[in-house]
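Structure first, commentary second.
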Amino acid sequence: MNLDDYRGIWVYLEAREGRIAPVSLELLGAGRQMADKRGVPLAGLLIGEGVTELAPTAFPYGADQVYVYDDRIFADYRTESYMRAVIECVQKHKPEIILYGATSTGKDLASAVATDLETGLTADTTMLDVNAETGLLEASRPAFGGNIMATILCKKHRPQMATVRPKVMKALEPDPTRTGEVIRESIQLAEEDIRTKVLKIVRETKEKVRLDEADVIVAGGKGLGSKEGFALIHRFAEAIGATVGASRDAVEAGWIDHAHQVGQTGVTVTPKIYFAIGISGAIQHLVGMGNSGLIIAINKDPNALIFQACHYGIVGDAFEIVPLLMKAFQKEPDREVTYG
């Protein structure tokens, strides 16, 4: 493989319900910074049916070009058909880096493409950079149970690939004056060539926890001691109109459902206010909430790592401090509070 043949940075643009997924726009921001550093173009790769009209959405967010596969065969996501399109486009245009959102679709597609192209893929990346001279993608993520941050390199193969969770990167402020080139692509692929058939799509009816959309989150950890102790988090969240979050320890102890977990193995959040109560501050938790607007920590241990990541810290017993906070909020029930 001649690495010099590969040039340019791509972002897989995930089309979902008639729009480009927010995580794809966030990755265009990261991709733009790396493309400028390397002096190469930034392109989007868009696959689906009736998606051509979505392509210009990428230009205000930093893309120079968008490669589009728009065909009936791509009406529903299937690993095999989408993978074939990505591989053909890669072999034709040879990008040096491809970024995917770490969604169910993005993770499935990226791993399939990496396997067939025999290249490297770093999953759930939390930091991205590129070496301006060598073009090496520097993809960092927690490793060894979150005890260290590892920077992973793919030195001998191209394209270099990574998946990134929603809310980890920040989208650029859209520039409506930016324009770009829409490049129509096609692939010789018939329905009988694909083994998987989509018979029916069943929408989930269960009410979902929207942690990633919450303005205020009250999160609890193992410092609360028990499921009964964790109930304090629910009471506090209800009192201030917040959403309940939790550390991995609290979830694994069975105190709350996994849907509430914040962190590397949970949800990445960016609320305006984040209360971390009884949470020690392990790396895998910090990467999930470190971009919060205001972080307030309560912990009995003055040496807890969470105090190195918060804006305000209170050393003390949560069972004494949180009721005092609740009383303070309840003193002025009619007062309008604006977060942010």
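The values are calculated or read from the model by the stated rules, or taken from the named source; none is laboratory data. Here the structure is a predicted model, which is why all the values come from computation and not from measurement. Cβ: placed from backbone, ideal geometry, glycine included. Neighbour counts: every protein chain shown. When the accessible area is computed, the model is the full protein with side chains, heavy atoms only, and any ligands, DNA or RNA have been set aside. Shrake-Rupley method; radii C 1.70, N 1.55, O 1.52, S 1.80 Å.
Residues in region 253-282 that are modelled with pLDDT of 90 or more, in a strand (DSSP E or B) and not small (Gly, Ala, Ser): GLN261, VAL262, ILE273, TYR274, PHE275, ILE277.
Against the test of being open to solvent by less than 50 Å² (accessible area, probe 1.4 Å), within 20 Å of the chain's Cα centre (by Cα) and under 21 Å from THR57 (Cα atoms), the options VAL86, VAL168, VAL113 yield a single qualifying residue, VAL168.
If the requirement is being over 17 Å from ALA304 (Cβ atoms), touching a helix residue (DSSP H, G or I) at 6+ places or on another chain (Cβ under 6 Å) and aliphatic (A, V, I, L, M), which of these qualifies: ALA231, ALA239?
Step by step, each of ALA231, ALA239 is checked, and only ALA239 is over 17 Å from ALA304 (Cβ atoms), touching a helix residue (DSSP H, G or I) at 6+ places or on another chain (Cβ under 6 Å) and aliphatic (A, V, I, L, M).
Does VAL244 fit the bill of being open to solvent by less than 20 Å² (accessible area, probe 1.4 Å) and in contact (Cβ under 8 Å) with a residue 60 or more places away in the chain? Against the criterion (open to solvent by less than 20 Å² (accessible area, probe 1.4 Å) and in contact (Cβ under 8 Å) with a residue 60 or more places away in the chain), VAL244 does not qualify.
Out of THR122, THR126, one residue alone is modelled with pLDDT of 90 or more, within 21 Å of VAL262 (Cα to Cα) and crowded, with 17+ Cβ neighbours inside 10 Å. It is THR122. Among the residues of region 302-322, those that are open to solvent by less than 80 Å² (accessible area, probe 1.4 Å) and touching a residue at least 24 places away in the same chain (Cβ under 8 Å) comprise ALA304, ILE306, PHE307, ALA309, CYS310, ALA318, VAL322.
When every residue of region 69-81 is checked against the conditions, at least one turns out to be closer than 22 Å to SER186 by Cβ, in a strand (DSSP E or B) and modelled with pLDDT of 95 or more. Counting only strands (runs of 3 or more DSSP E) that sit completely within region 88-197, those holding 3 or more residues that are closer than 23 Å to PRO41 by Cα correspond to 97-101, 121-125, 127-130, 137-143, 160-164, 181-185. Taking residues in region 41-56 that are over 21 Å from ARG84 (Cα atoms) and among the small types (Gly, Ala, Ser), and partners anywhere that are assigned to a helix (DSSP H, G or I) and modelled with pLDDT of 95 or more, not one pair has Cβ atoms closer than 9 Å while being at least 6 places apart or on different chains. How about region 228-252: which of its residues are within 25 Å of the chain's Cα centre (by Cα), assigned to a helix (DSSP H, G or I) and farther than 15 Å from ARG210 by Cα? Listed by number, the residues that qualify are ARG248, ASP249, ALA250, VAL251, GLU252.
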